[in-house]
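The structure appears below as structure tokens.
Every read-out reported here was derived from the displayed coordinates using simple, explicitly stated rules and does not represent laboratory data. Since the model is a prediction, treat every value here as computed from it, not as a measurement. Quick reminder, even Gly has a Cβ in these numbers, built from the backbone with ideal geometry, and neighbours come from all protein chains shown.
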Amino acid sequence: VIPFESPLMIRALGGLLKYLDRRRVGVELEESSIAVPVLAFRKFVLSETVNIDQDTYCVLQIFKSDIHPSVYKLSSGLKEGFSLYGILNRCRCKWGEKLLRLWLTRPTRNLTELNKRLDVIHFFLLAQNHETVLTLQDCLRNIKNVPLILKRMTLSHTKVSDWQALYKTVCSALCLRDTCRSLPHSIELFQIISRVFTDDLQY
């Protein structure tokens with residue numbers, strides 16, 4: 001089951017199992033005598049991910065942290081400096097920024113995935129789609145951190161602002177869906193958004 005010719009993988013697996021056992025993932029409410037059930041090991045091949053070392057990131061200035069110029073934010077520290085991430089980041093919500101950072105930290109060599117992304121970029125760069133871009137950006141601005149809001153609700157720490165944020169998020173998600181339904185379905189992203197944001201969300 002386990003490839004013993006890969007010692008680094010075995011060490012990482014040991015660390016993961018120890019972590020799962022300490023955090024008691026899945027059996028938090030059970031007695032301490034009950035172990036964390038591990039049902040299977042599944043192997044993921046990272047052949048489609050480009051491996052970039054830290055020196056390359058520094059030389060190419062993919063990310064660059066500068067000290068924040070504001071006196072009030074000196075304690076929180078850093079802001080993104082002149083970098084590739086800073087140039088590419090035109091995101092209107094935190095989730096977009098996280099996804100862009102993920103794409104740059106784990107670049108793919110999967111041509112199908114890259115072509116899907118290029119199709120979307122090409123569509124949004126066309127001058128006749130400028131109004132659509134502005135509409136989608138307005139919708140994305142109101143997308144909030146739903147898992148955090150739901151966690152507060154389960155802990156009964158909900159404020160009025162949380163309900164407002166949840167309401168705005170749902171309305172914006174429906175706006176996104178309706179806009180994407182009017183866009184060409186040859187682009188897979190628009191298909192996915194139209195399909196995933198169902199009428200149940202409106203309900």
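Close amide H pairs (under 5 Å, H built 1.01 Å from N) link Thr108 with Val50, residues at least 5 positions away or on another chain.
Computed about the Cα centre, the dipole magnitude for the chain is approximately 400 debye when only Lys and Arg (+1) and Asp and Glu (-1) carry charge, each at its Cβ.
Measuring max minus min along each principal axis, the C-alpha atoms of the range 9-49 give extents of 41, 17, 14 Å (largest first). Between Trp163 and Thr132, the distance separating the two model label sites (each 7 Å from Cα on the Cα→Cβ line) works out to 3.7 nm. Neighbours of Ile34 by Cβ distance under 12 Å: Lys/Arg scored +1, Asp/Glu scored -1, total -3. Extension gain for Arg92 to Val38 (0.36 nm times residue separation, less C-alpha to C-alpha distance): 15.5 nm.
To make sure I understand the rule: partners must be lysines, Cα under 17 Å from the Cα of Lys151, and not fewer than 8 residues away in the same chain. Which ones qualify? Candidates past the 8-residue exclusion: Lys159.
On the basis of the beta-carbon distance and an R0 of 22 Å, Phe63 and Leu118 show a calculated FRET efficiency of 0.45. A Stokes-Einstein calculation at 10 °C with viscosity 1.306 mPa s, built on the Kirkwood radius of the range 120-176 over Cα pairs, returns a diffusion coefficient of 124 µm²/s.
With q set to 0.16, 0.20 Å⁻¹, the log10 of I(q)/I(0) for the range 96-203, from the Debye formula over equal scatterers at the Cα positions, is -0.89, -1.18. 3J(HN,Hα) along the range 59-66, derived from phi through the Karplus expression 6.51 cos²θ - 1.76 cosθ + 1.60 where θ = phi - 60°, amounts to 5, 7, 6, 5, 10, 8, 9, 10 Hz, with x in place of Gly and Pro. Dimensions of the chain from C-alpha coordinates, computed as largest minus smallest value along each principal axis and given longest first, are 59, 48, 48 Å. When each full DSSP H helix of the chain is screened for a Cα extent of at least 30 Å along its own axis and an average Kyte-Doolittle hydropathy of at least -0.5, the helices passing are 160-181.
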